[in-house]
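Asks: Have a look at the structure that comes next, please.
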Amino acid sequence: MNYKRIIPDAITCCNLLCGCMATFLATQGAFAWAFCLILLGAFFDFFDGMSARALGVMNKVGVELDSLADDITFGLAPSMLLCCYLRPLIGWLSVLVFLMAAFAALRLATFNVDERQTTSFIGLATPANAIFWGGICSMPYALTAPFWMPWAILGMSFVSCYLMVSNIPFFSLKIHNFNWKDNSLQYSFLIGCVVIIGFCIFRAVQYEMWQFSLFAGTGCVLWYVVINLLTLKHRQS
């Protein structure tokens, strides 16, 4: 038996298990902890492909397993999280957010067969979408929110579905050298993320509410979408 081949698949399964546990915790109302497991799943998702390339054991089974795990962790888990978050406010209509799980599956299947997505992305990546919603659901607003807020969030979930399967190019975060000119977009994004994370941590300490630090995930993804759209025409020219 090739034990090297087991390592990447085991890491992928850890990603899947994080998604399963996050889904369960969402049903228990432990939204912040569910989001932490989604973040942990993203960590495993980053290293499974890297380990497969480093060990030279890339295979089709691993690719398919990775997509299945990603749909659980970055499709089903954030959908359940958002559904349970909105249910006390909008009732059974909250199940409409499960469209995200379906669109995440479609986005992952498309990614597997789309040869254009080798150095950049077409459509919003599923981990970014999951992190965006995980950060929002980590902020307890309950009945103190304006009456229109849950409906606005529901509408935003439909927008995220569109972004995942859209033909909008999204830049990659990979940095191939340390030259500012070649990586100015990536560096600008990272600087913005540092500011956002620092602000969220400061507010979390100020109000003694650690969940606010998790909102940095939403802020960073929003910054990623904004800077991508602002520079889209320049990158295409």
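The values are calculated or read from the model by the stated rules, or taken from the named source; none is laboratory data. Nothing here was measured: the structure is a model prediction, and the numbers come from that model. Glycine also receives a Cβ, built like all others from the backbone with ideal geometry; neighbour counts cover every protein chain displayed. To get the accessible areas, we keep the full protein, side chains included, count just its heavy atoms, and leave off ligands, DNA and RNA. Shrake-Rupley method; radii C 1.70, N 1.55, O 1.52, S 1.80 Å.
Asks: Which of the helices in the chain, when you take each full DSSP H run, stretch at least 15 Å along the axis at their Cα atoms and have an average Kyte-Doolittle score of 1.0 or higher? Numbers along the way, then the final one.
Replies: Details: long enough: 3-27 (36 Å, 0.97); 31-55 (36 Å, 1.44); 60-71 (17 Å, -0.11); 77-90 (19 Å, 1.33); 99-113 (22 Å, 1.56); 126-137 (17 Å, 0.87); 149-165 (25 Å, 1.62); 184-206 (33 Å, 1.66); 211-230 (30 Å, 1.54).
Both cut-offs are met by 31-55, 77-90, 99-113, 149-165, 184-206, 211-230.
Asks: Any idea which of LEU93, VAL226, ALA130 is furthest toward the positive side of the dipole for the chain, if Lys and Arg beta-carbons carry +1 and Asp and Glu beta-carbons -1?
Replies: Of the candidates, VAL226 comes out farthest on the positive side.
Asks: Now a separate question. Per residue, what volume in Å³ does the convex hull of the Cα atoms of the chain enclose? Don't jump to the answer; show the numbers that get you there.
Replies: On the way: hull volume 32.9 nm³, N = 237.
In the chain, the Cα hull volume divided by residue count equals 139 Å³.
Asks: What is the magnitude of the charge dipole of segment 44-112 about its Cα centre, with +1 placed on the Cβ of each Lys and Arg, -1 on the Cβ of each Asp and Glu, and no other charges, expressed in debye to the nearest 20? Present the calculation step by step, with values, prior to reporting the outcome.
Replies: Details: 4 positive and 6 negative charges, 30 e Å.
Result for segment 44-112 is approximately 140 debye, rounded to the nearest 20.
Asks: Which order do you get for ILE197, ILE11 if you rank them by accessible area with a 1.4 Å probe, largest at the top?
Replies: On the way: ILE197 70, ILE11 35 Å².
Correct descending sequence by accessible area is ILE197, ILE11.
Asks: Tell me which residues come under 5 Å, amide H to amide H, from ILE122 once H is placed; ignore anything under 5 positions away on its chain.
Replies: Under 5 Å from the amide H of ILE122 lie the amide H atoms of PHE170, each far enough along the sequence or on another chain.
Asks: Ordering TRP33, TRP210, TRP180 from largest to smallest accessible area (1.4 angstrom probe), what's the sequence?
Replies: Numbers: TRP33 155, TRP210 110, TRP180 135 Å².
Largest accessible area first, the residues go TRP33, TRP180, TRP210.
Asks: Ignoring trypsin sites (Lys or Arg not before Pro) that are buried or in helix or strand per DSSP, and keeping those with at most 16 other beta carbon atoms within 10 Å, what is the longest stretch of the chain between them? All intermediate terms of the calculation are to be shown ahead of the outcome.
Replies: On the way: sites that count: ARG116, LYS174, LYS181.
Result, exposed sites excluded: 1-115.
Asks: Also: Assigning unit charges at the beta carbon (Lys, Arg +1; Asp, Glu -1) and nothing else, what dipole magnitude in debye, to the nearest 20, does the chain show about its Cα centre? The partial results should precede the final answer.
Replies: On the way: 12 positive and 11 negative charges, 77 e Å.
For the chain, the charge dipole is close to 360 debye.
Asks: Nearest 500 deg cm²/dmol is fine: what mean residue ellipticity at 222 nm does the chain get from its DSSP H runs of n ≥ 4 alone, each adding -39,500 (n - 2.57), divided by its residue count?
Replies: Details: 10 runs with 168 residues, N = 237.
Theoretical 222 nm ellipticity from helices: -23500 deg cm²/dmol.
Asks: Over segment 124-237, average the accessible area per residue using a 1.4 Å probe and give it in Å², no decimals. Please list the in-between numbers first.
Replies: Numbers: 6590 Å² over 114 residues.
Ligands and nucleic acids excluded, the figure is 58 Å² per residue.
Asks: Taking 30 Å as R0, compute the FRET efficiency from the Cβ-Cβ separation of GLN28 and TRP151 and round it to 0.05. Before the final figure, lay out the partial values.
Replies: Numbers: r = 25 Å, r/R0 = 0.83.
That gives a FRET efficiency of 0.75.
Asks: Considering only protein heavy atoms and a 1.4 Å probe, what is the carbon-and-sulfur percentage of the accessible area of segment 1-153? If you can, show how the numbers build up before the last one.
Replies: On the way: 5720 of 7750 Å².
Carbon plus sulfur share of accessible area: 74 percent.
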